[in-house]
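One structure is given here, and the rest of the page talks about it.
Coordinate-derived values only; no laboratory data. Remember, predicted model here, so these are calculated numbers, not experimental data. Heads up, the Cβs are rebuilt from the backbone with ideal geometry, glycines too, and the neighbour counts pull from every protein chain shown.
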Protein chains: 2
Amino acid sequence: MSEPIIRELKEDDLWNGFLESLDSLKQASNIEKTKAKDIFEKINSNPDHIVAVAEIDGRVVGSATLLIESKFIHNGGLAGHIEDVVVNKEYQGQRIGEKIMRYLVEKAKKRGCYKTILDCTDDVKPFYEKLGFKQVANELRLDNN
Amino acid sequence: MSEPIIRELKEDDLWNGFLESLDSLKQASNIEKTKAKDIFEKINSNPDHIVAVAEIDGRVVGSATLLIESKFIHNGGLAGHIEDVVVNKEYQGQRIGEKIMRYLVEKAKKRGCYKTILDCTDDVKPFYEKLGFKQVANELRLDNN
């Protein structure tokens with residue numbers, strides 16, 4: 001069992017496992033190449049939008065996103081938002097998700113975020129609770145279609 | 001009872017009710033002037049970070065924030081995140097919060113967000129449910145102090 005390298009997303013990752021690993025969350029690998037590249041460039045130029053990936057044997061097998069939000073409250077504080085945590089099915093159970101999360105939580109802390117928040121369903125709550133997260137509220141959603 | 005004007009935040013609003021109205025959420029009006037101005041400029045230069053305010057009789061009495069997140073999933077879709085919805089205590093019960101929310105939900109829709117999400121505690125859930133939001137998950141938080 002190889003140890004994953006946890007690092008930030010690079011453009012080459014898009015077609016080297018990254019979009020494919022997102023498929024377990026929601027179909028992503030069928031996106032147009034130029035569109036995916038545009039999104040990568042937008043994210044990459046924004047220091048407050050960080051995508052972390054786990055690489056094993058030269059291929060991306062999982063990822064998660066951290067958005068850093070500037071607020072006026074908390075004396076102009078920063079809030080970290082974790083999104084889209086995913087690990088390829090065949091790589092689950094190897095604590096890869098945990099390693100990606102620890103990387104992003106540490107990143108948020110280093111950037112000075114006073115809190116890191118995320119939304120999750122009941123089935124994955126214990127995973128985040130083991131990392132120190134506590135339920136504080138509800139996530140509500142409105143679909144725009 | 002004056003009808004509120006709902007619009008985007010301007011720099012002059014900072015010391016014309018905006019930071020004060022955030023105080024009902026979390027102390028904000030004691031922030032250093034230059035720091036508040038820096039945050040305003042950062043937000044103002046980011047088209048994906050929108051702060052809406054309600055103005056009554058020339059003064060800001062409420063606000064809310066919309067963050068637009070670029071995702072790779074959903075064919076490179078956008079997700080809207082609503083944050084920090086607040087109305088001054090003495091102006092509550094006049095449907096001002098509802099008007100700010102409808103403004104931001106419409107904004108998210110026009111920008112092409114496939115969903116708009118927010119986190120809230122049980123006590124204010126009915127307010128968002130009336131606007132069409134539905135509970136889908138839990139909000140978890142990790143404090144970094």
_Under a crude label model (7 Å from the Cα following the beta-carbon direction), how far is A:Thr34 from B:Glu8 in nanometres?_
2.7
*Residue-averaged beta-carbon neighbours from other chains (10 angstrom radius) around A:27-34*: 3
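Compute, for segment B:5-130, the length of the dipole vector about the Cα centre, with Cβ point charges of +1 (Lys, Arg) and -1 (Asp, Glu) only. Units Debye, rounded to 20.
On the way: 20 positive and 22 negative charges, 98 e Å.
With Lys and Arg at +1 and Asp and Glu at -1, about 480 debye.
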*Hey, if you drop one equal point scatterer on each alpha-carbon of segment B:11-73 and run the Debye formula without solvent, what base-10 log of I(q)/I(0) do you get at q = 0.17, 0.18, 0.21 Å⁻¹?*
-0.61, -0.68, -0.88
*Inter-copy spacing of B:Arg102 label points, which lie 7 Å from Cα along Cα→Cβ, given in nm from shortest upward*: 5.0
_A 30 angstrom limit on the alpha carbon distance is what I want to check against. Which of A:Lys42/B:Lys26; A:Lys115/B:Lys35; A:Lys125/B:Lys99; A:Lys115/B:Lys10; A:Lys134/B:Lys26; B:Lys107/B:Lys130 exceed it?_
A:Lys42/B:Lys26; A:Lys125/B:Lys99
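Over the whole of B:110-118, what's the average partner chain Cβ count within 10 Å per residue? Rounded to a whole number, please.
Working: counts 1, 1, 1, 3, 3, 5, 5, 7, 7.
Mean partner-chain Cβ count within 10 Å for B:110-118: 4.
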_Using only Cα atoms and rounding to the nearest 10 degrees, what angle (0 to 90) does helix A:33-44 make with the longest principal axis of chain A?_
40
*What percent does the relative contact order of chain A come to when contacts are Cα pairs within less than 8 Å and at least six residues apart?*
21
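Over all distinct alpha-carbon pairs, what is the Kirkwood Rh of the protein assembly as shown in angstrom?
Final number for the Kirkwood radius of the protein assembly as shown is 19.9 Å.
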*asked:* If you rotate chain B onto chain A, whose Cβ in B ends up lying nearest the axis, and how many Å away is it?
replied: B:Glu139, 3
*Assuming R0 = 22 Å, what is the FRET efficiency of B:Arg59 and B:Arg102, from their Cβ-Cβ distance, to the nearest 0.05?*
0.60
_Within the protein assembly as shown: Cβ-based charge dipole about Cα centre, in debye rounded to nearest 20 (Lys, Arg +1; Asp, Glu -1)_ = 20
*Among B:Ser24, B:Ile73, B:Asn46, flag the residue with its Cα farthest along the positive direction of the charge dipole of chain B, charges on Cβ as +1 for Lys/Arg and -1 for Asp/Glu.*
B:Ile73
_Sequence ranges B:120-132, B:96-108, ranked by mean other-Cβ count within 10 angstrom, highest first_ = B:96-108, B:120-132
*Which Cα, out of B:Asn88, B:Ser63, B:Tyr103, lies furthest along the positive dipole direction of segment B:58-109 (beta carbon charges, K/R +1, D/E -1)?*
B:Tyr103
*Could you work out the local net charge near A:Lys10, counting Lys and Arg as +1, Asp and Glu as -1, over the other residues with Cβ closer than 14 Å to its Cβ?*
-3
*By how many degrees, 0 to 90 and rounded to 10, does the Cα axis of helix A:96-110 deviate from the longest principal axis of chain A?*
40
_For chain A, alpha-carbon Rg relative to the globular expectation (2.2 N^0.38 Å, N residues)_ = 1.06
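For A:Glu55, A:Glu11, B:Glu3, what ranking results if the residue with the fewest other Cβ atoms within 10 Å of its Cβ goes first? Before the final figure, lay out each step's value.
Numbers: A:Glu55 20, A:Glu11 13, B:Glu3 10.
So the residues, fewest neighbours to most, are B:Glu3, A:Glu11, A:Glu55.
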_If you average the alpha carbon positions of segment A:88-106 and of segment A:2-61, how far apart do those two centres end up, in angstrom?_
15
